[in-house]
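Working notes for the structure below.
Please treat every number below as a calculation from the coordinates, not as lab data. Every value quoted in this text rests on a predicted model; they were computed, and no experiment measured them.
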Amino acid sequence: MKKEYIEKIGMINTTLLGLLMLVPGLTKLFVSGVEGVSSMLSGNILFSWAPLFWAWALIIAEIGSGSAILFRWKTKYVVYIPVIILAVAVFTVSIKWSSVMSTSWSGVIFHLIAIVGYISLAYNKK
């Protein structure tokens, strides 16, 4: 493949991965609201002890990491924030541990593909 096509594909990949964090963060902030995110997190055993704190942490992490990836700022280090968010989401939200058969496996695979995409950004030569 020609070098310019590879660079364009890399730019598209970086942009989409940046938007993959930025858009949900902005949606949580302006549509769901912090209270909505907090009530969602309060149902999870990991975050039920301080759901409002974790709601703000999640929103800031998603908006901050998404923006940093879009602007290609410290990408090598910033990508691990979405990796952690997505890994926690896979194990606490996507996989239904009480009934594994009702798990949305396409959602699990989507999260895993996104994790691999973020890790590949960390090891991109540019």
Grab the eigenvalues of the alpha-carbon gyration tensor for the range 33-80, scale each by 5, take roots, and send me the semi-axes largest first in whole angstrom.
26, 11, 6
Please work out how much length the chain gains when fully extended from LYS3 to SER102, using 0.36 nm per residue of separation minus the C-alpha to C-alpha distance, in nm with one decimal.
31.3 nm
Anyone know which of TRP54, TRP97, TRP73 comes out most mobile in the 10 Å Cα GNM of the chain?
TRP97
Pairs of lysines 8 or more apart, or on different chains, with alpha carbons under 29 Å: count those in the chain, would you?
19
